[in-house]
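Data block below; observations after.
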Amino acid sequence: MNEKNIKVLIVDDFATMRKVIRNLLKQVGYEDIVEAEDGVMALKALKAQKIDMIVSDWNMPNMSGLELLKAVRSDPDLAETPFLMVTAEALQDNVVAAVKAGVNNYIVKPFTAEVLNEKIKKIMDGINK
Amino acid sequence: MNYQKLVKLLNDLAQEFLVMESSELGIPTAGKFLNRLEEILAEAKELKVDPVRGCVSALSRILEGTIMETIQDKAEAANVLENGIHLMQNIVDSYKNTGRYDGSIQEFIDMGISLVGPVQSGAAEAPLPEEVDETRAETQASEPQGEKKIEIQDESLTRDFITEGLEYIEEIEINILNLENDPENKDYINAIFRPFHSIKGVASFLNLEKIRSLSHNLESLLDRARNGEISVSSPMIDVVLDGADALKSMIGQLRDLLEGKTPTPTGLDIPALTARIKKIEEGFDVEAGGKKIGEILVDDGIISEEKLNQVLREKEESPSARKLGETLIEEKIAKPKQVSQALRKQMDRMADMTTIRVDTVKLDDLIDMVGELVITQSMISQDLKNQEHTDKRLTRDISQFFRITSALQRISTSLRMIPIKQTFQRMSRLVRDLAKNAGKHVSVELVGEDTEVDRNMIDEIYNPLVHMVRNSVDHGLEMPDERIRAGKPERGLITLKAYHRGGNIVIEITDDGRGLDRRKILDKALKAGFVQSDEGLSEQEIYKMIFMPGLSTAGKVTDVSGRGVGMDVVRRAVEKLRGKIEIESAVGEGTTFITRFPLTLAIIDGMIVKAGPEHYILPTTSILQALRPPRDAYNNVVGKGETINAMGRLMPLIRLYDMFSLEPEFKNPWEAIVVVVDSERGARCLMVDKIIGKTEVVVKSLGEGLKNIKGLAGGAILGNGRVGLIIDTEGLFEMADQH
């Protein structure tokens with residue numbers, strides 16, 4: 001599978017933020033993108049189609065990024081889906097909690113397209129091994 | 001002791017570690033190891049294998065270091081981890097055999113420390129330098145020339161950011177009000193925290209440094225409140241609101257810039273705002289002057305003096321940056337709310353010499369007495385008119401005295417006046433909720449929210465206003481697709497407007513919706529038998545039919561309106577407050593409800609009428625006309641009762657003297673005076689002997705014994721010193737109908 005052929009799900013309650021991430025992803029060649037505005041919608045999207053990578057915000061109403069992560073990991077159909085957590089600060093407690101819950105990597109806002117690409121590559125490498 | 005499980009856990013971990021290459025010590029692996037270590041720790045705790053506990057915490061710190069990228073050397077980290085795992089296996093072996101471990105884990109811990117850095121540093125202190133930098137950056141950015149230097153990086157994104165950001169700020173404002181009413185509700189704090197957080201996130205991508213930094217500061221203030229480290233206080237709410245305002249105008253500037261306009265200077269003092277935020281974030285900095293915070297808490301019986309002294313002693317022994325209030329909260333001696341109340345008390349006592357708090361009962365008494373004074377004044381003025389000869393000097397002095405009393409009356413009523421702002425804000429929140437339920441998009445505009453009204457009125461007018469707002473959102477505004485089809489903006493607009501006019505407060509509720517449908521109202525009214533034909537009915541009269549009980553033009557019943565009960569309740573409530581409603585409407589353009597309320601309920605404008613020997617006061621707001629009817633206007637039809645033909649209509653006649661069993665001067669309507677009085681039951685003609693005049697009276701309750709008499713709303717002392725009874729028209733007409 002060509003790396004750039006993966007389908008990415010962006011989860012963020014702030015529409016502008018989703019657009020920001022979408023633009024960055026496009027800059028580095030990821031074209032197949034779907035969006036969800038919170039964890040609940042994200043789970044729906046995940047059930048409906050095959051998603052190769054989740055890029056989710058940490059802080060969201062209804063269902064936080066961490067809760068989404070836990071839900072994904074505990075669902076046998078989705079458990080293996082790569083998950084990249086977007087956080088505002090590298091707060092150790094939050095990051096460690098996400099790591100323990102099985103996040104594949106995290107990225108701190110603001111980030112560049114290159115860093116985002118690097119993180120995604122790293123996740124894909126880790127899985128393909 | 002059974003070490004089997006612990007041994008197995010350690011062996012599993014060792015095995016996993018063996019198959020891993022050091023380069024693979026990535027985040028998923030670290031997470032897996034952390035979870036294993038947690039299990040090991042729990043088991044070690046259970047079995048009291050203390051050296052293993054020490055190892056686990058060192059190992060966790062190393063793993064966290066690799067996750068947070070404070071440790072760069074992954075190979076070395078893997079090396080130390082391996083050592084740690086083996087060490088733990090040795091320790092458990094030793095425990096299994098001898099029940100203890102004689103070796104030392106110190107060497108291993110040292111290895112860990114050299115990798116991670118000493119305990120209590122590293123990550124915990126890392127954010128500090130950034131904070132310092134920020135303050136500096138801010139001071140620079142806020143210099144005058146800095147104002148214009150906003151660089152727009154991505155136009156389309158910036159546009160989205162402006163729209164969405166402003167929406168988020170609106171959300172913040174609403175939730176802040178909720179928080180103020182319920183300061184300990186974490187949901188509300190969260191609901192305010194999150195939008196700031198989102199704004200910050202996007203601003204950081206768009207390189208909008210000032211917006212990012214301000215929302216960051218506000219966010220971290222709220223974060224501390226969320227964690228219970230600081231309490232939600234008035235100053236905090238104020239600063240968050242000011243912060244939201246500041247963000248709003250900064251985003252406004254951004255929009256100007258995008259539109260190619262020169263941004264209007266915000267006139268904001270961001271460094272001062274930031275300083276305020278920081279000050280509140282740091283907690284309690286008002287221990288100077290007045291009573292000490294601790295003393296206030298002791299006075300209020302929240303903590304004992306011994307406890308206070310003990311805490312103070314401890315503070316002295318180990319000085320820290322913490323304020324007393326914070327320490328008390330941290331050690332759970334006092335609740336955040338108690339401390340903040342004490343602080344507020346302290347501030348009240350301390351500085352503010354320009355305002356004082358007064359019990360409203362005292363204020364009510366004062367206004368009451370001033371009312372009496374005004375009445376005594378009018379008694380004097382009537383007496384003077386009756387004097388044969390007038391003393392010029394006395395007349396001059398008395399007119400001076402009159403001027404003073406009327407000024408006094410004005411000032412004293414103003415004491416109890418408060419702005420209608422809060423009521424409006426509550427309603428604007430309601431609009432949003434309603435709109436959401438109805439699937440409509442609505443903006444709310446507030447105009448004149450600083451208009452003042454008597455405190456006693458505020459609560460009373462809230463309910464009728466709410467009903468009207470509901471009606472506007474539910475029936476006035478169309479669904480988004482319908483609006484688009486009609487060529488209107490998708491988002492509807494509800495305007496709440498308040499102003500003073502002629503001793504009244506006028507409140508207008510306007511929607512830009514579909515407008516009232518004359519035809520539909522008439523059809524319903526005809527069907528319900530309220531009217532026989534539409535002849536001679538003015539626009540106003542037709543519109544007003546929506547206030548009739550049982551008449552609703554709503555096609556379907558929603559959970560809030562459409563059952564035909566709402567609007568007649570509104571009318572009754574408004575009239576009870578001696579208010580009036582008017583409706584303006586244009587099909588396709590919208591509807592405005594104009595309500596007028598007296599500024600205060602304490603004084604009413606009344607018409608003094610005479611029936612037999614008694615004086616009665618009719619509230620002028622309900623009077624439509626007064627006339628002496630010609631003889632042929634009077635009809636007495638068997639079964640229908642007496643009617644008078646006035647204002648082009650037949651209206652039931654009610655003889656006031658009959659109602660109160662008095663002996664009148666005139667028994668024939670064409671000799672007496674007939675006052676046409678409006679009511680929710682429709683207009684009636686009230687027959688009285690004569691009209692004495694118009695006056696302002698101070699409403700007095702009739703006291704316990706006479707309180708529940710139907711038809712009377714209270715009493716008042718009239719200019720001539722006599723007592724006049726104030727007529728409750730609704731009650732009176734109800735009585736008459738039962739006759």
Quiz item: In region B:203-215, what residues are within 12 Å of chain A (Cβ to nearest Cβ), touching a helix residue (DSSP H, G or I) at 6+ places or on another chain (Cβ under 6 Å), under 15 Å from B:LYS248 (Cα atoms) and of a type outside the set (Ser, Thr, Tyr)?
Solution: B:ALA203, B:ARG212
Quiz item: How many residues does region B:59-87 hold that are closer than 21 Å to A:VAL95 by Cβ and of a type in the set (S, T, N, Q)?
Solution: 4
Self-check item: Residue selected from region B:347-374 under the condition modelled with pLDDT under 75 and assigned to a helix (DSSP H, G or I), by the criterion surrounded by the most Cβ atoms within 10 Å (Cβ to Cβ)
Solution: B:MET347
Quiz prompt | Matching residues, region A:104-121, being assigned to a helix (DSSP H, G or I) and either of a type in the set (A, V, I, L, M) or at the interface with chain B (Cβ under 8 Å from one of its Cβ atoms) (or both) | solution = A:ALA113, A:VAL115, A:LEU116, A:ILE120
Practice problem: Starting from region A:82-103, take each residue that is more than 23 Å from B:ARG36 (Cβ to Cβ) and facing chain B (nearest Cβ under 9 Å) and list its partners that are modelled with pLDDT under 90 and in a helix (DSSP H, G or I), counting only C-beta distances under 6 angstrom and pairs at least six apart or across chains. | Solution: A:ALA88/B:GLY201
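Tell me whether region A:42-59 contains one or more residues that are over 17 Å from B:PHE205 (Cβ atoms) and within 12 Å of chain B (Cβ to nearest Cβ).
No: zero hits.
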Self-check item: Residue in region B:133-151 that is modelled with pLDDT of 55 or more, surrounded by 14 or more Cβ atoms within 10 Å (Cβ to Cβ) and either away from every other protein chain (no Cβ under 14 Å) or in a helix (DSSP H, G or I) (or both) present
Solution: yes
Quiz item: Do we find a residue being of a type in the set (Gly, Ala, Ser) and modelled with pLDDT under 85 anywhere in region B:249-266?
Solution: yes
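Can you say whether B:ASP187 is more than 17 Å from the chain's Cα centre (by Cα), part of a helix (DSSP H, G or I), within 14 Å of chain A (Cβ to nearest Cβ) and among the acidic types (Asp, Glu), as far as the supplied structure shows?
no
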Practice problem: Search region A:9-21 for residues being more than 10 Å from every other protein chain (Cβ to nearest Cβ) and farther than 13 Å from A:ILE107 by Cβ, and hand back the single one that is surrounded by the most Cβ atoms within 10 Å (Cβ to Cβ). | Solution: A:VAL11
Exercise. Of the conditions (1) part of a loop (DSSP other than H, G, I, E, B); (2) free of Cβ contacts under 8 Å to residues at least 12 places away in the same chain, B:GLY705 clears all except one; give me its number.
Key: (1)
Quiz item: Is there a residue in region A:83-98 that is assigned to a strand (DSSP E or B), modelled with pLDDT under 90 and within 20 Å of B:ALA30 (Cα to Cα)?
Solution: yes
Quiz item: Among the residues of region A:44-58, is there at least one that is closer than 30 Å to B:LEU37 by Cβ, in a loop (DSSP other than H, G, I, E, B) and of a type outside the set (Val, Ile, Thr)?
Solution: yes
Self-check item: Selection count where residues are within 13 Å of chain B (Cβ to nearest Cβ) and farther than 26 Å from A:LYS70 by Cα, scope region A:25-41
Solution: 2
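Per-residue answers, yes or no, for (1) among the charged types (D, E, K, R); (2) surrounded by fewer than 16 Cβ atoms within 10 Å (Cβ to Cβ); (3) in contact with an Asp or Glu (Cβ under 8 Å, 6 or more places away or on another chain):
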| site | (1), (2), (3) |
| --- | --- |
| B:SER378 | no, no, no |
| B:LYS385 | yes, yes, no |
| B:THR390 | no, yes, no |
| B:ASP397 | yes, yes, no |
| B:GLN409 | no, no, no |
| B:THR413 | no, no, yes |
| B:MET417 | no, no, yes |
| B:THR423 | no, no, no |
Quiz prompt | Complete set of residues in region B:645-657 that are out of contact with any Lys or Arg (no Cβ under 7 Å at 6 or more places or on another chain) and modelled with pLDDT of 90 or more | solution = B:LEU653, B:ARG655, B:LEU656, B:TYR657
Quiz item: Can you name every residue in region A:110-129 that is over 13 Å from the mean Cα position of the chain (by Cα), farther than 15 Å from B:PRO28 by Cβ and not polar (S, T, N, Q)?
Solution: A:PRO110, A:PHE111, A:ALA113, A:GLU114, A:VAL115, A:GLU118
Exercise. At least 3 residues that are modelled with pLDDT of 80 or more and under 30 Å from B:LEU662 (Cβ atoms) in each: list the strands (runs of 3 or more DSSP E) lying fully within region B:515-633 that qualify.
Key: B:603-611, B:614-619, B:623-627
Quiz item: Limited to region B:271-296, what total is found for residues that are at pLDDT 75 or above, among the hydrophobic types (A, V, I, L, M, F, W, C) and under 19 Å from B:GLU330 (Cβ atoms)?
Solution: 1
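For every residue, the table says whether it meets (1) out of contact with any Asp or Glu (no Cβ under 9 Å at 6 or more places or on another chain); (2) surrounded by fewer than 19 Cβ atoms within 10 Å (Cβ to Cβ).
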| site | (1), (2) |
| --- | --- |
| B:GLN625 | yes, yes |
| B:ASP632 | yes, yes |
| B:ILE654 | no, no |
| B:ASP678 | no, yes |
| B:GLY693 | yes, yes |
Quiz item: Listed residues B:ALA75, B:ALA30; which is touching a Ser or Thr at 6+ places or on another chain (Cβ under 7 Å) and away from every other protein chain (no Cβ under 12 Å)?
Solution: B:ALA75
Quiz item: more than 14 Å from every other protein chain (Cβ to nearest Cβ) and more than 25 Å from B:GLY26 (Cα to Cα): does that describe A:ALA71?
Solution: no
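The values are calculated or read from the model by the stated rules, or taken from the named source; none is laboratory data. Source: prediction; values computed, not measured. Ideal geometry is used to build each Cβ from the backbone, glycine not excepted, and the neighbour counts take in all protein chains shown.
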